[in-house]
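The values are calculated or read from the model by the stated rules, or taken from the named source; none is laboratory data. These figures come from a predicted structure and were not determined experimentally. No Cβ is skipped: glycine too gets one built from the backbone with ideal geometry, and neighbour counts run over all protein chains shown.
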Amino acid sequence: VARAEEGIRWHRGSCRLCGVGCRVELGVKNGQPVGLRGVPQARTNFGYVCMKGMHFWKCMRHADRLTRPLYREKKTGTFREISWDKALDIAASKFAEAVTAHGNDSVAYYGSGQALTEETYLFQKVMRGGLQTNNVEGNPRLCMASAVGGYLTSFGADEPIGGYDDLEKAYCFFIIGSNTAEAHPVLFRRIMRRKLDNPEVKVINADPRLSQTSRIADKHLQFKPGTDLALLNAMAYVIIEEKLYDQSFFSTYATFRKGKEKKEVSFDEYKKFVADYPPEKAARIMGGKVTADDIREVARWFATSKGTVSLWTMGINQRKRGVWANNLIHNLHILTGQLLKPGADSLSLTGQPNACGGVREGGGLCHILPGHRLVKKEKLRNQVEEAWGIPKGRIPPKPGYHTMAMFSAVNAGKIKAIWINCTSPAQSLPNCNLYNKGLAREDVFIVCSDIFPTRTTEYANLILPTAFHFEKTGVYGCTERRSQLTRKAIDPPGDAKPEVWIVREWAKKLASKLNDPVIAQCVKPFDGLEEGYELPRAIWNEYTQKLTKGRDNDLQGATYEVLEQMYDGVQWPAPTRAHALKGGTVKKFVRGMDPMADSEATSDLPYQFYGPAHKDRKLWVWLRPQADPEEMPDAEYPFYLSTGRIIDHWHTMSMTGRVPELLRANPYAYVEINPNDAKKLGIKPGDMVEVRSRRGVNVLPAKVYEGPIEGMVFVYWHDQHPERMINKVTKDAIDPGSKEPEFKICAVKVKRVSGP
Ligand code: SF4
């Protein structure tokens, strides 16, 4: 794992700054990080890294690192350093007091797709099995819950069927609602390479904003925000009208469904539904920049290519009808047979390194237990209780609060103690002005465990300093069902500790304060284990060996010992050691295999069929209509606001904002405005501009640029400056299925306030 070179030892691990999961090596000299480089043998990135990945190590020893536990009695008070023993004692007392006085659901854990799988798993085990609450949530709710809902409702199982392997085999890329060039740069490089190498390859980009991704597109469909469900149905219209579908594929593998009752309908009924979306009508809905001919052309490319891969992310997921939009993308793949074969996949991109691994798979959301088990199913709860050796019925049957409900409950004073780990909801929640009032309540005790101060630590009573990446050992997933191990390479600064140690020690104190041996039982298997390696390994073993067995994310073969041998980890399912040593499963459903095969491995081949979990073992094509966003522009608030990402920064800039090269490249957020709109409003480049919604206001410099379509402005969301935190402005409407907020669209007014 480590190689000597000019006094530098290179330690293999994963990059933690997005969901691509690039395999990297951290250079360490004299116990300090000195560089980072890609691993050429890794199939995730073939040695490439983007500028975020290349530079992130520079914040590891930043002077702002949290290095001692900090406590203040009142939120108006001043923090003082305390010992770990005292800190965990206070955290245990406050949680115990809340449970005793207000019940088990008065406490909550809010985690992160940046936490290691072992961390998420242990937190949720103590919360559910110990404190008997399913108030376990995480920030992946804010970015990929609609993708989960889409996969579950269309394919009957979460996470993509294929992966990056399909990129080099595809002939058509349909990129919708994703600025892949900036948000997933290393994957974008693979797409560019594929296009340069093969002139047949087409790239379609569907997005209201002209982005770096649009610039390589053969066709950029630039439409009014929120009209893409019409586009997707119109593409299906063309596919049916021109008989571009693969009837033998969908009649073998799919059924058609509609409504809340999931009623099965005929292909003829689906055809009738889609007949309402002729391209001419869809083009009118989508606004003047897209023509009916454009829609026809991209539908033909999609359907007739030798392999089509769709890629999307927040533009589709962060929507009031995000699940429906996901369904409509999957529909196109099922109708045309662009699925279950090399070079074809419906591949949702994930923003954080471990949203898929720890949170989606390890039980990090309020309605799911480890191994993709639903909280509401008694049999599945009992399986988990048995694995943990705790009494039957200990895990409550009611799912906990989803993210927006959790922070509404904080606002309402229903939650009395909340632990926020490795994330900053004070900046990342939509309409954050509203929810920050709850975080400021004196009767809500807040623990923040993190590496840097954030907007959220400003509301904390107790701040716990945690070890950073490469300062601890554990596993990250990534977009394509891949699990990769990163081993501790350097010591954390000061008294910072890995979260697994923190939770274990906290749980022991909780058990004694509540006089509850079951809480102690939750961490007993890990007692006394050394925190740098033995402890996370034991947690990983418990999770994979006891709770993924027979599940679709079976990881029994992917032990630490195996993961350490692999350049690029293992794709689940990987039920045996031999299977894991081959890299696991490249495609989880494969055409031609027995769809009635159960979720057990049928062979050690990397291509297998792990059939959809729908009762009829079929993929489902959904009838989903066009639906407007929750808040449309009107006379008072005439512009659409859309938010997004840029290449230099990530999340709340707590890390990238502390890397000089990245900060210099993009020091503050700005508002992008179309030149025609800027002219009408008398706005010139660099003018200070007010962007105001019904919820809040930002003042930002203007970037006059043809990127956003007329009638829309765009602001990147990373900036944590109080005047430029765009989530003060965004709307907290949620998708009724996935509960993911509609960050992507709201109505604002825009006016010039001063010159540059
Ligand atoms: Fe890291 Fe993502 Fe960049 Fe890869 S693409 S180096 S995972 S930030």
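Quick one: which of Val136, Val238, Val201 is over 27 Å from His649 (Cβ atoms), out of contact with any His (no Cβ under 8 Å at 6 or more places or on another chain), outside the structural domain of Val518 (by TED's automatic domain parsing) and crowded, with 23+ Cβ neighbours inside 10 Å?
Values: Val136 fails: outside the structural domain of Val518 (by TED's automatic domain parsing); Val201 fails: crowded, with 23+ Cβ neighbours inside 10 Å.
None of the others qualify; the one that does is Val238.
Would it be correct to say that Val126 is part of a helix (DSSP H, G or I) and either modelled with pLDDT under 95 or away from the ligand (no atom under 15 Å from the Cβ) (or both)?
On the way: part of a helix (DSSP H, G or I): yes; either modelled with pLDDT under 95 or away from the ligand (no atom under 15 Å from the Cβ) (or both): yes.
Judged against the criteria, Val126 is a match.
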- So, of the residues in the range 426-464 that are touching a strand residue (DSSP E or B) at 6+ places or on another chain (Cβ under 8 Å) and among the polar types (S, T, N, Q), which turns out to be surrounded by the most Cβ atoms within 10 Å (Cβ to Cβ)? Ser449
- Item | Test: residue in the range 306-314 that is more than 25 Å from Gly19 (Cβ to Cβ) and not assigned by TED's automatic domain parsing to the domain that holds Pro675 | yes
- Could you list all residues from the range 492-507 that are in contact with a helix residue (DSSP H, G or I) (Cβ under 7 Å, 6 or more places away or on another chain) and surrounded by fewer than 19 Cβ atoms within 10 Å (Cβ to Cβ)? Asp495
- Message: I'm checking my understanding of the structure. Among residues of the range 418-466 that are within 25 Å of the chain's Cα centre (by Cα) and charged (D, E, K, R), which one is nearest to Lys488 (Cα to Cα)?
- Response: Asp450
- Name the pairs: first residue in the range 125-136 and without any contact (Cβ under 8 Å) to a residue 24 or more places away in the chain, second residue surrounded by fewer than 24 Cβ atoms within 10 Å (Cβ to Cβ), Cβ to Cβ under 7 Å, at least 6 apart or on different chains? Met127/Thr133
- Query: Has the range 685-699 got any residue that is closer than 30 Å to Tyr401 by Cα and crowded, with 24+ Cβ neighbours inside 10 Å?
  - Reply: yes
- Task: Can you tell me which residue within the range 179-227, out of those that are hydroxyl-bearing (Ser, Thr, Tyr) and in contact (Cβ under 8 Å) with a residue 24 or more places away in the chain, is nearest to the ligand (Cβ to nearest atom)?
- Result: Thr180
- Filter the strands (runs of 3 or more DSSP E) completely within the range 445-548 down to those with at least 2 residues that are more than 28 Å from Gln41 (Cα to Cα) and either touching a residue at least 24 places away in the same chain (Cβ under 8 Å) or outside the structural domain of Ala108 (by TED's automatic domain parsing) (or both). 445-450, 462-465
- Message: Only one of Gly343, Gly363 is surrounded by fewer than 24 Cβ atoms within 10 Å (Cβ to Cβ) and more than 16 Å from the ligand (Cβ to nearest atom). Can you tell me which?
- Response: Gly343
- Condition check for Gly163: farther than 15 Å from Val20 by Cβ and either within 16 Å of the ligand (Cβ to nearest atom) or of a type in the set (Gly, Ala, Ser) (or both): no
- Taking the range 473-491 as the region of interest, how many residues are within 22 Å of Ile82 (Cβ to Cβ) and crowded, with 21+ Cβ neighbours inside 10 Å? 0
